[in-house]
Structure formats: C-alpha cells, structure tokens
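Report on one structure; see the data block that follows.
The values are calculated or read from the model by the stated rules, or taken from the named source; none is laboratory data. Since this is a predicted model, take the numbers as computed values, not measurements. When we count neighbours, we look across all protein chains shown, and the Cβ atoms used for this are built from the backbone with ideal geometry, even at glycine.
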Amino acid sequence: MVVKAQSSATTTPSSQLIAQLLLHSEQQLPLNPAAALAEGKRALQIATDTKRPTDVAAAHMAIGAALEAQRQYEEALRHFRQASQMYRTTGNQMARTLALRHIGHAQYVEGDTGQAHNTALQALQLAQKLNNPTEIAQSYAQLGTMYGQQGLWARALASHERAYSEWQQAANPNGQAAALNDIGLTHFQLRHFSRSLYYLNRALTEARQLSDSTRIGEALASTGRVYDALGNYEVAQGFYGQALSQLPRATSPARRAEGLRALAVAYDSIGNQPAAIDALRRALPLARQGGSAVQLSGLYQLLTSIYRRTGDYQSALRSQTQYTNLQDSAFVEQRTAQVAELQTRYETEKKEREIQLLTKDRQLQQVRLQRQLLVRNVLAVGALVLLMVVFALYRGRRRQLHNNQVLQQKNQAIEQQKEELGRLNRTKDTLFSIISHDLRSPLSSLYSLFSLMNMGTLPPERLATHSQRLTRTLDVTLRLLDNLLNWSAAQMQGDKVRPEKVRLQPIVEEATGLLAGDAERKAIALFSDIPALSTVRADLDMLRLVVRNLLGNAIKFTPSNGQVRISARQLEGQGLWEIAVEDNGVGIAADDLPKIFGETGLHSTLGTALEKGAGLGLRLCKEFVERNGGSITCESELGRGTTLRFTLPMAAPEIRPLAPAESATAVAV
C-alpha cells in the first residue's frame, strides 16, 4: 500500500494531479512496475515544484514501491528513507510507520536481516505509541514473515497470533482472514497438519464472507499445500484448481506461474500427465513475464521429466535444451539467492551471538549489581544497626542523666525537708520553752496574787503595785498567745490565703487603738500618716496581725517619751504600696539583723521596760507578708531607732458618684 498525497484545505489543480498520478502508480502494481515508476517520478517532480512536503513524501513512497517490485531494493531503500524522514519532520507518524515497514522489507530482502528486524520493531513501537490496532497488526504480521523466512517458526506463530488479536480489536475482517492464513501456514511448517487445516478453513470462511477473491485464493492454495504434503494429491489438485480460478486480474505473473506449477505437480501425482503438461505450458509465458530465470528453469525441468515418462522424447529434448540454456541465468540467480540466504544466516547467527554475548554481559552486570546491592544492603543494615546502637546509648545516657537529675532534685528536696524539719524541731523546742517558762511565770504570779488576796494580809498599796505589774505581764502573755494561735493557724492552713480589697487606714487606726495603753504607759507618741485612699489586696486577718506586731515591737523597743510613726506610700510603676513603721528606739545591732525574722531560729530580746517576747512576731510578719505577695525589710542603727518596711499589692480603687452637694468629680475610696 502506498500513502496517498494529503489534500490541503484549498484543493489546487497540482494537488489533484499528484493524487491521480499516485493512484495510477498504485494501480499499475504489481503487473506493470515500470509504468508505476514513471507515474511516481512524475508525481515527485510536480510535488517538488509545489514544495508540499506531504506530496513529496507520498511520491517517494510510490517510487520506492515500484522499484521494490522491480527488485531494485537499494534504490527503493533510498526513497523509503527520504519519505520516512519527511514524515518525521511533518509529524505524520502514521505514514512514517508504513515507510518503516517498507524499509524493513527491503533491508531483509537485501540480506541485512538484523537491521531489518530492528526497523520492524521500530515500526511496531511507533504503532503501539499511536495506539493504532491496524498498524500494530501489520507490524506483527511483518515480524512473523521475517521469523518464518529465518526458520524461527515458534516466534513466527506468536507474531501472527498477536497480529490476529490486533485485527480483531481493529474490527478488520480482511486482516483477520490474512492472519488466519498465516497462522495456518505456520502450523503447516511446524508439521501441525490438523491445526493448519483448522485455521486455513477459518481463513477460507472469512474470505468467502468478504467475497475477497485474493484471500480466497490464498486460503485454497495453502490448503492444497497441506493436502499435498499429506499425500492426498487428488484433494490437493482440487484446491489448487479452485485457487487459480479465484486469483484476481492484478495477481503478479510469477504468482500465477507458481500456482500452475503446483497444479501440474498435483496432476502428475495422480497420473494425469496431459493435464500437468497443459498447466506447465500455461505457466511458461507467465514465468518469462515475471523475469525469474530460476522459476522458468524449474518449469522446463519439470516439463522435461514428464515428457520422458510419457515417451515424448522430442519434446523432452526441446525442454531439456531450454533448461540447459537457462542454467547460467538460473545459476546466477540461485547463487545470488544462496548468497542472500547465507548472508541472512550469517547476519542471523551474528545477531544471535551478539544477543548471547549481550545476554551474558547483562547477566554478569546483574550479578555485579546484585553483589553491589548485597554489599549496599549489608552496609545499610550495618549502618542502621550502628545508628540503633548509638541511639540506644544516647537514649540510655539521656535516661541516666534524667534519672540523675531527678535523684539530685529528690536529694535536694530531702535536704530541704531535712532543714525544714530541723527548723520546725527548733521551733517546737522554743514553743515548748515558751509554754513552760513564759506562760508559766505569769500564771504563777497571778496564782500568788490571788492567794495573797484570799489571805487578806496584803496592804492596798502593795496590791495596786502588784496589780499593775501583773497587768503588764498579762498583756505580754495575751499578745504571746495571740501570736502563738496565729502561727499555729498559719501552719495548719499551709498556703491558704484569702486576699481581698482592704483599706489601710482603718486597719492602722484599729491597731493604734489597741496599743494606745502601752504607748501611754511609756509616754510614747504614736503618729499615723496613712493616705485615705490607700487600698491593698491582702488577707484581712494576716494584715491586722502584721500591723499590730510591728507597732507593738516599735513600742516595746522605744524608751519613754519616744515616738513611733506608721506611714504608707505608693511605689510608682510597681503596683505596690509600701508601709513603714519607724521608731527612735534602741535600734538593733548589726550582728542581730539577720536573726530578727527567725530564719535561723527564734530570736528575742527584752524591751526598754524589760518587756519579754517569744521571737514569733517578726517571723509571722515575714511569712504573712510574703504569702500575700509582698516583702519585708529592716533598717536599723544601734541607739538611733529602727524602720521596718513591707509591701503589698495595690488594689484598684472603687469609684462612686458624689452626692449632689459635693463636687461632681469622682473620688476613689
């Protein structure tokens, strides 16, 4: 089949003429290849002048087909390759597939079987890429023919079966009939006669349904060959005769001559020599027209043999003379065919050896790759195991460090608990000492006073003196009990604090009122400088105790006619109120300053009027202030007085509207 010129969107007279010439060239084949070649060359000249690549490529294909029919394969190859290159340039991959198949056929006929096989595979791959079942089927059919001519019948059978499958997918009955015929002939070569007849019968049925005389003739001739090989010459003769009657007019002379020769052999086998001679005489002019000296020589040789057996020696002599005269030409042709066959075998064996070498090289490479892969896998596994070991060691080290840290923290906690327990034990001992001594003494004095009063022997003057002294002692004892109770409650409640919004001024006024009697006895002046709007956020009971203890300590360590002042100021930018209790008393020695808050044990000294204490007051003050989010400090100079300062978080003031009689501006309370 030759690719026709593609028409453009606008059909021109030149393009129409090229299409007609290409059609005429195709119709001349295979009977008149010279005329087909002339038509193709004329089409090429016109296409070259019009500079239409598709028309030029189609013309090259037509010329190549005509040259191939004339057995000028080298020249045909040149035109097929030019067409393939132009189809590749223009992107017409479908037409390029056909060109590649023609190139493969010409290469194979010339003996370059290896390259022919590669070209056929290239055509198959291109057809598969285009996903065109028709082109795929034709490529498989060509490969099957090549394998069959090389004697590789198993491969040929597989290729023809693939071709049949693709023809079915393409829904092409004509192609299916051709593939069934090829499958039947391949089974015939494999000596599978029953299978061969089965597939040839299917091919004949398909061809008759299509009314395709060419396919019918092929199937009949192939069936005749099978029966001929089976020795059933009468049946073979019948199929050969039917095949000849079905051949179309366009059948090549050489093919007709071969059909008549097969019919003559069948006639001769059943003893009908006159019919055999008639068939051979009809084949002679067709063989001369076909141009094959080997075919013509074979016909004369067969004719000579039949004449001799029938006793017509004169005709046998003439046939023998013609056979002898053709021997040189036939010898040359046979030699050429033998050389081509030897070249084919050489190329095939060479390719097979190359394939074997490549296979061995590939196997060696695979072995090397497997070894490399094994080494790589071993290294990878080793590296993985090493990483796992390193990771395990790392995790173990991390766990050990973590455990050490936890152990260290626990040891520190135990040490802190030990220190706290020691401190609590010291506090306990102090408390027992206070209870056994400081509380026992006032109670003993009270008991003695009551005993004297009951006896009635105590003068009034001494009773008044003892009562004043006992009152002062009981005041100290009450404050001590108050501190003890508050300290015990604080220890029981732990960190429980109930903060609320508290105004400082009422708290200070309450404390000064409670301590006014102590201050009056020592003629100490109390001054309060607390802003009316000073509001803190703290536990009310704790704040009362802190203020009361700090004022009581200031009075305790201030001599007669001294002064005690309590004041408060806001620390800007810190959100705190600072409350200061200042006195001009005896002060605190520098060595005793770290001891006053009881961090190293309870510390107590006598007041200026020999007042006793337990050392709990400042310790409670520090603990309560810190629980409420503040801090406490002490500044003192021996002989000049002491100032204790503590801070508390500032609370937001409440805004309330004033009465109409007051200013319209809101005042913070």
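Only one of L260, L200 is modelled with pLDDT of 85 or more and on the phi < 0 side of the Ramachandran plot. Can you tell me which? Of the residues listed, the single one that is modelled with pLDDT of 85 or more and on the phi < 0 side of the Ramachandran plot is L200.
Selection of the stretch 494-518 for residues being modelled with pLDDT under 85, over 60 Å from the mean Cα position of the chain (by Cα) and either of a type in the set (A, V, I, L, M, F, W, C) or within 18 Å of G617 (Cα to Cα) (or both) yields L514, L515, A516, D518.
Of all the numbered requirements in (1) closer than 25 Å to F188 by Cβ; (2) surrounded by 15 or more Cβ atoms within 10 Å (Cβ to Cβ); (3) in contact with a helix residue (DSSP H, G or I) (Cβ under 7 Å, 6 or more places away or on another chain), N232 misses one, and that requirement is (3).
For the condition over 24 Å from L197 (Cα atoms), buried (at least 21 other Cβ atoms within 10 Å of the Cβ) and within 44 Å of the chain's Cα centre (by Cα), T90 does not qualify.
Please verify whether Q366 is within 57 Å of the chain's Cα centre (by Cα), modelled with pLDDT under 75 and either assigned to a helix (DSSP H, G or I) or surrounded by fewer than 12 Cβ atoms within 10 Å (Cβ to Cβ) (or both), treating the condition exactly as stated. No. Checking A59, A38 one by one, the residue that is among the aliphatic types (A, V, I, L, M), at pLDDT 85 or above and either surrounded by fewer than 18 Cβ atoms within 10 Å (Cβ to Cβ) or in contact with a His (Cβ under 8 Å, 6 or more places away or on another chain) (or both) is A38 and no other. Looking only at residues in the stretch 139-177 that are polar (S, T, N, Q) and within 42 Å of the chain's Cα centre (by Cα), the one that is farthest from F188 (Cα to Cα) is Q169. Please tell me if E68 is surrounded by fewer than 21 Cβ atoms within 10 Å (Cβ to Cβ) and either of a type in the set (D, E) or touching a strand residue (DSSP E or B) at 6+ places or on another chain (Cβ under 6 Å) (or both). No, not satisfied.
One line per residue, one yes/no per condition, for (1) at pLDDT 55 or above; (2) closer than 22 Å to I524 by Cβ:
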position: L593; (1), (2): yes, no
position: I596; (1), (2): yes, yes
position: T600; (1), (2): yes, no
position: L606; (1), (2): no, yes
position: A609; (1), (2): no, yes
position: G617; (1), (2): yes, yes
position: L620; (1), (2): yes, no
position: F624; (1), (2): yes, no
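Filter the stretch 228-238 for residues that are assigned to a helix (DSSP H, G or I) and more than 18 Å from I183 (Cβ to Cβ) and give the result. D228, L230, Y233, E234, V235, A236, Q237, G238, listed by residue number. Checked against the criterion of being modelled with pLDDT under 85, buried (at least 20 other Cβ atoms within 10 Å of the Cβ) and among the small types (G, A, S), the stretch 556-575 contains not a single residue that satisfies it. Checking each residue in the stretch 271-291 for being over 26 Å from A69 (Cβ atoms) and buried (at least 16 other Cβ atoms within 10 Å of the Cβ) picks out N272, Q273, A275, A276, I277.
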